[in-house]
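Notes follow the structure.
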Amino acid sequence: MSEVDESPGRHEFRTVASRDAYQGRVLALRVDEVVMPGGRTGAREIVEHPGAVAVVALDAQQRVALIHQYRHPLGRRLWELPAGLLDVPGEDPVSAARRELAEETGLAASSWSVLVDVASSPGFSDEVVRVFLATGLSEVERDVHHGSEEADLVLDWAPLEDAVRRALSGEIVNASAVAGLLAARAVRAGAAPARPEDAPWPDRPHRWADRQRG
């Protein structure tokens, strides 16, 4: 019998058991038993998330659309990018981004590309956010969702450079906003190209969608 290679970086973290602990409206919690190096198993709690999209919407003056929205887990309003869950069955990410941009800001865009994918908390959640760059902006009718935090949402515009400074100073702390703003600045500076709007997304969450399909 050949020996299993247990040198660092070679171990296979197999799941040998799994159970559901909770299922809610926008997330689920499962507990996996995972084989650790040396043969023992360890319990790992995973928050399943539908995934999300966010949008760096830049106008012709290189200003970015920012929203000020209440976030109950932190107990305060945060400056963020327009964003939302991938919770519509069959909807592709860029279509979800178009929908969220219109709903939260009353804007549409003629040009779309992918800036960055953000695994927000990979130690305990499969949530990954795809951040798009949207340009060629125009106004559309906004459908306000009354009875939710979005009814209290405030839209503001900031020069991209100023928004980046606010992220680096700690004023903007939302993970996808920080990553998206820095990525947009890098792309605008020519450090790297943006990806096509339909670029492959191997880490897009799927377990939550699988649950909804039964």
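The values are calculated or read from the model by the stated rules, or taken from the named source; none is laboratory data. Since the structure is predicted, the reported quantities are computational estimates derived from the model, not experimental observations. Neighbour counts run over all protein chains shown; Cβ positions are idealised from the backbone, glycine included. Calculation scope for accessible area: heavy atoms of the full protein, side chains included, ligands and nucleic acids excluded. Shrake-Rupley method; radii C 1.70, N 1.55, O 1.52, S 1.80 Å.
Given the residues Val31, Val16, which is the only one that is part of a strand (DSSP E or B) and surrounded by 10 or more Cβ atoms within 10 Å (Cβ to Cβ)?
Val31
Give Gly42, Gly51 a once-over and let me know the one that is open to solvent by less than 20 Å² (accessible area, probe 1.4 Å) and closer than 20 Å to Arg99 by Cβ. Lay out the reasoning, then the answer.
On the way: Gly42 fails: closer than 20 Å to Arg99 by Cβ.
It is Gly51.
Considering (1) farther than 30 Å from Glu171 by Cα; (2) not in a strand (DSSP E or B); (3) not polar (S, T, N, Q), say which one Tyr22 fails and leave the rest.
(2)
Of all residues in the range 54-64, how many are β-branched (Val, Ile, Thr) and closer than 14 Å to Ala97 by Cα? Before you say what the answer is, go through the steps one by one.
Quick first cut of the range 54-64, residues β-branched (Val, Ile, Thr) only: 55-56, 64.
With closer than 14 Å to Ala97 by Cα added as a condition, the list becomes 55-56.
Count: 2.
Pick from the range 62-98 the residues that are in contact with an Asp or Glu (Cβ under 7 Å, 6 or more places away or on another chain) and without any contact (Cβ under 8 Å) to a residue 40 or more places away in the chain: which of them is surrounded by the most Cβ atoms within 10 Å (Cβ to Cβ)?
Filtering the range 62-98 for residues that are in contact with an Asp or Glu (Cβ under 7 Å, 6 or more places away or on another chain) and without any contact (Cβ under 8 Å) to a residue 40 or more places away in the chain, the one surrounded by the most Cβ atoms within 10 Å (Cβ to Cβ) comes out as Pro82.
I need the full set of residues from the range 127-158 which are at pLDDT 95 or above and either hydroxyl-bearing (Ser, Thr, Tyr) or closer than 28 Å to Ala28 by Cβ (or both), in order please.
Correct list: Glu127, Val128, Val129, Arg130, Val131, Phe132, Thr135, Ser138.
Name the residue that is farthest from Tyr22 (Cα to Cα), counting only residues in the range 172-214 that are open to solvent by 90 Å² or more (accessible area, probe 1.4 Å) and modelled with pLDDT of 95 or more.
Residue satisfying both the conditions and the ranking: Arg188.
Name the residue that is most open to solvent (accessible area, probe 1.4 Å), counting only residues in the range 135-171 that are among the charged types (D, E, K, R) and part of a helix (DSSP H, G or I).
Keep residues of the range 135-171 that are among the charged types (D, E, K, R), which gives 139, 141-143, 149-150, 152, 156, 161-162, 165-166, 171.
Pick out the ones that are also part of a helix (DSSP H, G or I) and you get 149-150, 152, 161-162, 165-166.
Values: Glu149: 87, Glu150: 31, Asp152: 71, Glu161: 84, Asp162: 50, Arg165: 142, Arg166: 31 Å².
Step by step, filter the range 135-171, then rank; the result is Arg165.
List pairs: first residue in the range 174-186 and touching a residue at least 40 places away in the same chain (Cβ under 8 Å), second residue open to solvent by 40 Å² or more (accessible area, probe 1.4 Å) and not in a helix (DSSP H, G or I) anywhere in the structure, Cβ distance under 6 angstrom, at least six positions apart or on different chains.
Between residues of the range 174-186 that are touching a residue at least 40 places away in the same chain (Cβ under 8 Å) and residues that are open to solvent by 40 Å² or more (accessible area, probe 1.4 Å) and not in a helix (DSSP H, G or I), the close pairs are Ala175/Ser120.
If the requirement is being of a type outside the set (Ser, Thr, Tyr) and at pLDDT below 95, which of these qualifies: Gln62, Gln23? Working first, answer last.
On the way: Gln62 fails: at pLDDT below 95.
Criteria check complete, one pass: Gln23.
Considering every residue within the range 111-121, establish whether at least one is farther than 30 Å from Tyr22 by Cα, open to solvent by 40 Å² or more (accessible area, probe 1.4 Å) and touching a strand residue (DSSP E or B) at 6+ places or on another chain (Cβ under 6 Å).
yes
Identify, please: which residue in the range 34-51 is within 22 Å of the chain's Cα centre (by Cα) and assigned to a loop (DSSP other than H, G, I, E, B) and is, among those, farthest from Glu91 (Cα to Cα)?
Among them, the one singled out is His49.
Open to solvent by 10 Å² or more (accessible area, probe 1.4 Å) and in contact with a Phe, Trp or Tyr (Cβ under 9 Å, 6 or more places away or on another chain): is that true of Glu103 in this structure?
On the way: open to solvent by 10 Å² or more (accessible area, probe 1.4 Å): yes; in contact with a Phe, Trp or Tyr (Cβ under 9 Å, 6 or more places away or on another chain): no.
Criteria not met by Glu103.
Sort through Ala54, Ala96 and tell me the only one that's assigned to a strand (DSSP E or B), under 17 Å from the mean Cα position of the chain (by Cα), modelled with pLDDT of 95 or more and under 21 Å from Ala119 (Cα atoms).
Numbers: Ala96 fails: assigned to a strand (DSSP E or B).
Within the list Ala54, Ala96, the selection yields Ala54.
Among the residues of the range 1-18, is there at least one that is under 30 Å from Asp152 (Cα atoms) and in contact (Cβ under 8 Å) with a residue 24 or more places away in the chain?
Looking only at the range 1-18, we keep the residues that are under 30 Å from Asp152 (Cα atoms), and these are none.
So far as the range 1-18 goes, no, none of its residues is under 30 Å from Asp152 (Cα atoms) and in contact (Cβ under 8 Å) with a residue 24 or more places away in the chain.
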